[in-house]
Each structure stands twice: as C-alpha cells, then as structure tokens.
Amino acid sequence: AQSVTQLDSQVPVFEEAPVELRCNYSSSVSVYLFWYVQYPNQGLQLLLKYLSGSTLVKGINGFEAEFNKSQTSFHLRKPSVHISDTAEYFCAVSKDSGGGADGLTFGKGTHLIIQP
Amino acid sequence: NAGVTQTPKFRVLKTGQSMTLLCAQDMNHEYMYWYRQDPGMGLRLIHYSVGEGTTAKGEVPDGYNVSRLKKQNFLLGLESAAPSQTSVYFCASSLKNTYEQYFGPGTRLTVT
C-alpha cells in the first residue's frame, strides 16, 4: 500500500514570492508521482507528473517539482506566485505497474493562499 | 470534446433514499474511477473499472455500488444514503498505461 503526506495544510505567501509545497510518500513498491491543482468549486487538473527520466519535472503555470528517491519526497515549487495560483494542491502516487488501473492515492491537500 | 461530465451537479437526499450518479467521458478511455472528497481528507478511491463490464473496489467501497455497462459511462449508486456519505464525488478517467487521470467537475451530495 502507498501513503502520501502533505506536511502543510495551509501555506500563505505574498504575491511574487517563491513557494514550496512539501510532499512525502511511503510505498513498498516503485511509484509514479503527481501534483494536481483544484481551483474553487472545480475538478482537479494535472500540474505535472514524474514517471521516469530527469528528477526535475516542469509543469504548467510555471510550477516544477523534484523527485528525491532517497528522501521519498516530491516537493512542488514556483519561483514567483500570482494571485491566480490561489487553490488547493494535491500530491498523489500510483504504483508503477498495472497501467494505472487501480487509481491514485492522494495526500490531504495544501491550501495555497496568495496575499497581495 | 466535453471530457468528463458528471450528472447531477448538486443533490440533497434524506437518510435511506437512493440515487445514482452518472459519469460520462468522450475520450475513449479504458479506465474510470469514482473518488470522494471530504474536508481535510483529500480524495479517496471508492470503486474503479478497467473496462466495460468490469469493476473493482477501492479504498472506501462500503455503501456504494457501481456499474459500467458502456465504455463511456460509469455509474455510482447509493442504495440507502447515510449522513456519512455527504461529500463531493469526483469521477475520473484515463487511458491505459498513461497514468494521467482526467477529472469531472464533481457532484456535491448532502444527506440529511
């Protein structure tokens, strides 16, 4: 079984400042890693994913994340945030076998609050 | 191309009533999923399907049933609703071996 821990339930940041949202995972098998964003009253949208290759992954809206296998982490970063980045961010994992059939395991989410 | 759609968007039920939530996708995806989202809990997998006519239990399947009679549709049923099933329900779909899930807009269900 897998589990995902998002260490911060809420992160307030000033506009144009950098931000890092932390994600750690636990798994007895190899996993793929994902970050999703949920804007108010909407579904989830994929920000970025790590399946293989370079451990630094770039996604949409200027976000990036780095996979660290030894620390079992997949922290999300953005060098300069905008008011429109205010949303809930979810880290998720999937077993790297089975084609993704048995779904994702999500963290509890981090609410990113951008202050003007 | 509508992606993943969910019907209805909102619903209020009394304890003991039944209802069915409909999820439809027009992307020809093999895999479909139902999740529930509760405050401070993230999303948890209820049931999933790897193809027409097949379903499997996820993390929190109790009190729910599902059916996938057509590849594009995945139904979630509550036979006897309970207040603990008050939640936002999300459907998702994915292409086999891509691991990328596409989510619908959600259904907000309140059971009183």
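Of the residues making up the range A:80-99, at least one is of a type outside the set (Phe, Trp, Tyr), surrounded by 15 or more Cβ atoms within 10 Å (Cβ to Cβ), within 10 Å of another protein chain (Cβ to nearest Cβ) and over 27 Å from B:Gly51 (Cα atoms).
Number of residues in the range A:10-44 that are at pLDDT 95 or above and either over 24 Å from B:Gly58 (Cα atoms) or exposed (fewer than 15 other Cβ atoms within 10 Å of the Cβ) (or both): the value is 13.
Figure legend. Inter-residue proximity from the range B:37-65: first residues facing chain A (nearest Cβ under 9 Å) and more than 19 Å from B:Ser80 (Cα to Cα), second residues of a type in the set (D, E, K, R) and in a strand (DSSP E or B), beta-carbon distance below 6 Å, spacing 6+ or different chains. Indicated pairs: B:Arg44/B:Arg36; B:Glu59/B:Arg44. Among the residues of the range A:65-87, are any part of a loop (DSSP other than H, G, I, E, B) and closer than 22 Å to B:His29 by Cβ? Looking through the range A:65-87, none of the residues is part of a loop (DSSP other than H, G, I, E, B) and closer than 22 Å to B:His29 by Cβ. If you take just the strands (runs of 3 or more DSSP E) that sit entirely in the range B:30-112, which of them hold at least 3 residues that are modelled with pLDDT of 95 or more and over 21 Å from A:Ala1 (Cβ atoms)? The strands (runs of 3 or more DSSP E) meeting that bar are B:65-67, B:73-78, B:87-94, B:107-111.
Within the set A:Val37, A:Val31, the sole residue that is within 14 Å of chain B (Cβ to nearest Cβ), β-branched (Val, Ile, Thr) and under 15 Å from A:Gln6 (Cβ atoms) turns out to be A:Val37. Scanning the range B:7-22 for any residue that is within 11 Å of chain A (Cβ to nearest Cβ) and either assigned to a loop (DSSP other than H, G, I, E, B) or over 24 Å from A:His111 (Cβ atoms) (or both) turns up at least one such residue. Restricting the first member to the range B:92-108 and to residues that are at the interface with chain A (Cβ under 7 Å from one of its Cβ atoms) and more than 18 Å from B:Ala2 (Cβ to Cβ), and the second to residues that are crowded, with 16+ Cβ neighbours inside 10 Å and of a type in the set (D, E, K, R), the beta-carbon pairs closer than 8 Å and six or more apart or on different chains are B:Lys96/B:Glu30; B:Tyr99/A:Lys49.
The values are calculated or read from the model by the stated rules, or taken from the named source; none is laboratory data. Keep in mind it's a predicted model, so treat the numbers as computed, not measured. Counting neighbours? That spans all protein chains shown, and the Cβs are built from the backbone with ideal geometry, glycine included.
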